[in-house]
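K.L.:
One structure, as structure tokens, below. Some questions next.
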Amino acid sequence: MSRAAVLSLVAAAVALAGVAWGVVGALDSGSAPQRGWTVAEMERELMCPTCETRLDMSTQPAADRIRGYLEERRADGWTRTQVREALIAEYGERVIAATPRRGFGLAAWLVPALVAAVGLVVALVLARRWAASRTTAPATVETGPRSVEQIRLEARLDAELERFE
Amino acid sequence: MQKLLTGAALAALLALIVLFAVRLGAGDEGRDFRSATRGGELPEAPEFDLPRLDVQGRLTLASLRGKPAVVNFWASWCDPCRDEAPALNASSARYGNDASFVGVNSDDLSDDARAFAREEAVPYTLVKDTGGVKRSWGVTGFPETFVLDGQGRAVAHFSGPVNERELRDALRRAGL
């Protein structure tokens with residue numbers, strides 16, 4: 001495989017990784033309203049407001065209180081979206097574990113998309129170049145004058161082949 | 001084409017580096033305010049405009065100018081906050097005509113905060129912060145109390161429960 005082809009594959013892999021990262025991030029953000037949720041699931045999506053670690057890893061009193069709140073709202077039949085909105089109203093957006101999609105946090109969402117776009121363009125350009133070089137390449141390859149060693153090896157190969165015939 | 005792509009990639013990389021550098025270079029307003037208060041530099045307290053917890057409406061720090069103010073950061077789940085509540089209530093009863101007392105509830109659920117205020121019979125103004133004011137004032141735990149003079153400059157800062165004597169002394173330094 002030529003260098004250009006390898007580069008194309010690498011660029012395509014980078015592009016796919018970028019797209020996959022973006023998709024996973026979008027799914028993790030839980031933007032769609034979902035009725036079925038558990039306290040354990042929500043704990044992984046929330047931050048402890050005092051220690052700024054994920055809620056499921058925090059033993060702070062504030063985190064315990066949010067866990068209690070989640071139990072109460074789940075028993076009341078609240079949707080995931082309702083709970084998230086209520087918690088944002090109480091603690092601000094920092095209570096959500098996902099990176100906010102504004103200000104400096106926006107870079108975390110834009111960079112993967114930019115990487116994906118650049119990777120795709122690079123992959124396309126390299127693939128086109130590779131294809132063009134294949135079509136314009138000569139059918140035979142000039143090897144220049146043969147060395148004594150080459151002539152000797154060819155003669156030996158011919159002799160060997162003749163023995164098998 | 002290759003030059004164009006290389007240029008675009010380098011420009012993107014440079015933009016990212018600049019973004020991170022700006023972010024890292026930005027000072028921490030809260031930490032600066034807190035350390036300046038502790039150093040006796042009388043820094044002007046960061047402004048706030050927060051919804052009231054005890055009644056409808058909002059409260060701005062600017063509206064407190066003209067007389068000393070006690071600004072106490074607290075949360076209902078904080079046991080030391082409950083411990084200091086009697087001292088704050090008593091000080092508010094004693095100096096409330098000549099100084100403003102404000103409780104800034106942060107990192108808390110509003111219903112829990114209101115229940116705390118009822119249980120402890122908190123007589124002064126309570127506001128709700130979603131974290132931004134706590135950060136801009138450099139508050140790292142609860143309770144923390146700042147005492148401001150009539151111009152809104154911080155003359156004292158207490159980490160942990162405050163007592164009546166400390167509040168009285170700080171209010172006198174603030175011009176009471």
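Nothing in this text is a laboratory measurement; each read-out follows from the coordinates by a stated rule. Just so you know, these numbers come straight off a predicted model, no measurement behind them. Positions of Cβ are generated from backbone atoms using ideal geometry, with glycine treated the same way; all protein chains shown enter the neighbour counts.
K.L.:
For the residue pair B:Ala12 and A:Glu149, what label-to-label distance in nm results when each label sits 7 Å from Cα along the Cα-to-beta-carbon direction?
P.N.:
Label-label distance for B:Ala12 and A:Glu149, simple model: 4.6 nm.
K.L.:
How high is the FRET efficiency from B:Glu164 to A:Arg94, r the C-beta distance, R0 41 Å, rounded to 0.05?
P.N.:
0.75
K.L.:
To continue, here is another question. Give me the net charge for the shell around A:Val39: Cβ to Cβ below 14 angstrom, other residues only, Lys and Arg +1, Asp and Glu -1.
P.N.:
Within the 14 Å Cβ shell, the charges total 0.
K.L.:
Of B:Asp149, A:Asp64, B:Asp111, how do they rank once you tally other Cβ atoms within 10 Å and put the fewest first?
P.N.:
Going from least to most buried by this count: B:Asp111, A:Asp64, B:Asp149.
K.L.:
Once both axes come from the Cα atoms, what is the angle between helix B:79-95 and the longest principal axis of chain B, in degrees from 0 to 90, rounded to 10?
P.N.:
Between the helix axis and the principal axis of chain B, the angle is about 60 degrees.
K.L.:
Report, in degrees rounded to the nearest 10, the 0 to 90 angle that the Cα long axis of helix B:29-38 makes with the longest principal axis of chain B.
P.N.:
Roughly 40 degrees, rounded to the nearest 10.
K.L.:
Still on this model: Roughly how many nanometres apart are two label points built 7 Å out from the Cα toward the Cβ at A:Glu72 and A:Val121?
P.N.:
It is 5.3 nm.
K.L.:
On C-alpha positions alone, give me the angle between the axis of helix B:164-173 and the longest principal axis of chain B, in degrees, nearest 10.
P.N.:
The helix B:164-173 is inclined about 70 degrees to chain B.
K.L.:
Can you pull the one-decimal nm distance between simple spin-label points at A:Thr79 and B:Ser110, each 7 Å off the Cα toward Cβ?
P.N.:
According to this spin-label approximation, the distance is 2.1 nm.
K.L.:
Counting other beta carbons within 10 Å of each residue's own, what order do A:Thr50, B:Thr125, A:Thr81 fall into, fewest first?
P.N.:
A:Thr81, B:Thr125, A:Thr50
K.L.:
How do A:Val111, A:Val95, B:Val139 line up, fewest other C-beta atoms within 10 Å first?
P.N.:
A:Val111, A:Val95, B:Val139
K.L.:
Shielding of B:106-112 by partners, i.e. mean partner chain Cβ atoms within 10 Å per residue?
P.N.:
6
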